[in-house]
1. So His66 fits all but one of (1) open to solvent by 10 Å² or more (accessible area, probe 1.4 Å); (2) within 12 Å of the ligand (Cβ to nearest atom); (3) closer than 23 Å to Glu251 by Cβ; what number is the exception?
2. Considering only residues that are in contact (Cβ under 8 Å) with a residue 24 or more places away in the chain, open to solvent by 50 Å² or more (accessible area, probe 1.4 Å) and polar (S, T, N, Q), which ones fall in the stretch 44-56?
3. Go through Pro167, Pro210, Pro188 for me and flag whichever is under 17 Å from the mean Cα position of the chain (by Cα), in contact (Cβ under 8 Å) with a residue 12 or more places away in the chain, over 20 Å from Glu73 (Cα atoms) and open to solvent by less than 40 Å² (accessible area, probe 1.4 Å).
4. If you go through the stretch 238-248 one residue at a time, do you hit one that is under 17 Å from Ala45 (Cβ atoms) and of a type in the set (A, V, I, L, M, F, W, C)?
5. So which of Ala12, Ala59, Ala76, Ala41 ends up being touching a strand residue (DSSP E or B) at 6+ places or on another chain (Cβ under 9 Å), among the small types (Gly, Ala, Ser) and open to solvent by 10 Å² or more (accessible area, probe 1.4 Å)?
6. Quick one: Pro88 ticks every box in (1) modelled with pLDDT under 95; (2) open to solvent by less than 50 Å² (accessible area, probe 1.4 Å); (3) within 14 Å of the ligand (Cβ to nearest atom) bar one, so which box is it?
7. What residue, among those in the stretch 22-55 that are among the polar types (S, T, N, Q) and at pLDDT 95 or above, is farthest from Ser175 (Cα to Cα)?
8. So which residues in the stretch 233-269 are aliphatic (A, V, I, L, M), open to solvent by less than 10 Å² (accessible area, probe 1.4 Å) and within 12 Å of the ligand (Cβ to nearest atom)?
Amino acid sequence: MASVRVDQKRKALVRRVPESFTNALAYYFGSGPTDVEVARAQHQAYIAALEANGVQVHALEADDRHPDCIFVEDQAVVIDGKMLLPHPGHPSRVAEQPPIAEFLMSELEGVQTCRMGGEARMDGGDIIRLGDLFFVGRSSRTNDLGIASLRSLLEDFGHELRVIDIPSHALHLTSISSTPTDSTILVPEGYLSPEAFGELPSGCELLWMPEEEAYGCNTIGLPNGKVLVAKGYPTVHATLRARGLELVEVEMSEIRAADGSLTCCSIFY
Ligand code: CIR
């Protein structure tokens, strides 16, 4: 989940791969997963990598009625002890939310929870956080009413929100960017303009990657200072290593086939 700072990533919620995973939505990076057992093995390795690097993981059971249910990031947004339950932007994904919301409400006892109403739409995958500065993608899944709802939550904390228009050849903001550290944003050429993020706080930098490594720009900064990355993106890896970061690589091919990236598969809380 891209809405918590690196130092806040102690616990994560994931959801197991359903038998129906081959029916997951796939229009961007992938043309659909073909092998559920391989996807399960990759997902298990992802969980193991989080656990080996300081994250306590809870896995919810899969729900075969929801092929995209592993992509929990889209379903709940936890920010500094408060929770926003977005109305997911794709109708087929709306019913994935209740067990996720129920689990988080019991884990975060008494958490202040806002639900999105009316025509507001948002996928959690449209949010990234750089320290206490937030960016949200206006995308095919996230509309202005959804953004207004996020903005009102962030105003309670005094956190700034900047809106970025996501081009039609990308699904979410997290599909094409991430913050491997609280001072670094990875972003591919060919998707966003250099001005899209605005002026960054001092000491922060935008790292532009080649367009063909767009998928590799989604990473997870781990609480022990290492960075979880997808296998196979040499410029992303070399750029992060050159900044002294140690990488943990996981194979994501079958999850990418469903347009899912590393951050999509967890909610940190
Ligand atoms: C979907 O289209 O909704 C899923 N197949 C992929 C969701 C990926 N989630 C994310 O980027 N946060």
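1. In the conditions (1) open to solvent by 10 Å² or more (accessible area, probe 1.4 Å); (2) within 12 Å of the ligand (Cβ to nearest atom); (3) closer than 23 Å to Glu251 by Cβ, His66 misses (3) alone.
2. Hit for the stretch 44-56 is Gln56, nothing else.
3. Only one candidate qualifies: Pro188.
4. Yes: one or more hits.
5. Ala59
6. (1)
7. Asn53
8. Met252, Ile255, Ala258, Leu262, Ile267
The values are calculated or read from the model by the stated rules, or taken from the named source; none is laboratory data. Since this is a predicted model, take the numbers as computed values, not measurements. Neighbour counts run over all protein chains shown; Cβ positions are idealised from the backbone, glycine included. To get the accessible areas, we keep the full protein, side chains included, count just its heavy atoms, and leave off ligands, DNA and RNA. Shrake-Rupley method; radii C 1.70, N 1.55, O 1.52, S 1.80 Å.
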